[in-house]
Amino acid sequence: MVLGKIGMGKIAIMFIVVVAFSAKGVRGQESLIRELDYRYLDTLIALAKQNYPRMKILQEQEALSRTDFQSSKLTYLDVFNGSYIYRPRNAPAVNEINPYLINGYQFSVGVNLAGLIRKPINVRQAKRSYHVAQLESEQYEAELENNVKTAYYSYMQSISELKVRTQYAQDSKIMFDRIQRQFEQGEVELETYTAARSELSSAHSAVMQAEVNYLIAKDGLEVLVGIKLENINKG
């Protein structure tokens, strides 16, 4: 008969525990999507694009490539060179000191044919480099946006999980207190009391792990957006 009481006590405890945990877990999972704030998520993505170092590097590289491309189009004049000389108008023409036929200012223009041929090639190369820099920025921008979304979802999941674990630990404490009183009054066996106490300890450990998961998820999201989440206005 005692064994029957012990067995029924353990079964009752485990049944209540499993049902309570399962119900809270399902509610937490079902509520996660409803808890998502997509306007806030857009704010996080914008902050990440503004603050994340890798994004800044690619933006600077794109700006440099754009400047190089614009400069390359302005350097066509480099293939031309001009010069002038001045001979006093009262100097005698054609002598050993001044072997020129014309007095006054004399101008000349030269053309670097090799440079003239290479110039369009250089301009096209600069344009390609600028285009590649644009594509790299766009690619990483998309990756960064996806990373922020993933980090945000993990962060929200950690909050939901912490709520579930905390509530379960509170319920376990209530259940343990009730069983402890019954044990002290001789209404339940030692094994039932020990099982309840073990379950309460496991619930507290689960809360601590959930808190660690929350902190890790929060830190990971803050690394991407560049500022503390507490400093972001959800307005």
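So which GluC sites (Glu not before Pro) in region 143-229 end up in coil per DSSP with only 15 or fewer other C-beta atoms within 10 Å?
Qualifying residues, ordered by number: Glu187.
Enumerate the aspartates and glutamates that Lys173 could reach by cross-link, defined here as Cα to Cα under 20 Å, with residues fewer than 8 away along the same chain left out.
Partners within reach: Glu161, Glu184, Glu187, Glu189, Glu191, Glu199, Glu211.
Classify region 128-193 as rounded, prolate or oblate, taking a ≥ b ≥ c as the square roots of the eigenvalues of its Cα gyration tensor: rounded when a/c is under 1.5, otherwise prolate if a/b is larger than b/c and oblate if not.
prolate
For the pair Arg197 and Lys234, what calculated FRET efficiency results from E = 1/(1 + (r/R0)^6), where r is the Cβ-Cβ distance and R0 = 35 Å, to the nearest 0.05?
Efficiency for this residue pair is about 0.25.
Calculate one ³J(HN,Hα) per residue across region 147-162 by plugging θ = phi - 60° into the Karplus curve 6.51 cos²θ - 1.76 cosθ + 1.60, and present them in order as whole Hz with x for glycine and proline.
5, 5, 4, 4, 5, 5, 5, 5, 4, 5, 5, 5, 5, 4, 5, 5
FYI, it's all coordinate maths here, none of it is from the lab. Predicted model, so just to flag it, every value in this text is computed and none were measured. No Cβ is skipped: glycine too gets one built from the backbone with ideal geometry, and neighbour counts run over all protein chains shown.
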